[in-house]
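This report concerns only the one structure given below.
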């Protein structure tokens, strides 16, 4: 099987920004730390490696259009292995979507 092609167009990056901002808006209802960790956990659990690489590249290029919580969530995702982020999220009072009982993720 050949590797997935990289996302290079502005339109594709814009779609990922929209998706991540929707996730961030959901987590903005929580306290700050669980919100940041929730965004990171969501990206780890549900986004493909291709999507993650593309949104991190967009962040490195300035992150235009990203909500503050989306930005912080990506930085948190980048800084911690996904399982460590899930444990920290749960310690902060959140529920990891990747480890929740009955979840079909990760």
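Read-outs: derived from the displayed coordinates by stated rules, not from any lab. Since the structure is predicted, the reported quantities are computational estimates derived from the model, not experimental observations. Methodologically, a virtual Cβ is constructed for each residue, glycine included, from the backbone with ideal geometry; neighbour enumeration extends over all protein chains shown.
Numerical summary
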{"quantity": "In range of the label at residue 92: residues from segment 63-77 whose backbone nitrogen is under 17 Å from the point 7 Å along Cα→Cβ", "calculated": "67-77"}
{"quantity": "Simple label model, 7 Å out from Cα along Cβ direction - residue 60 to residue 18, nm", "calculated": "2.6"}
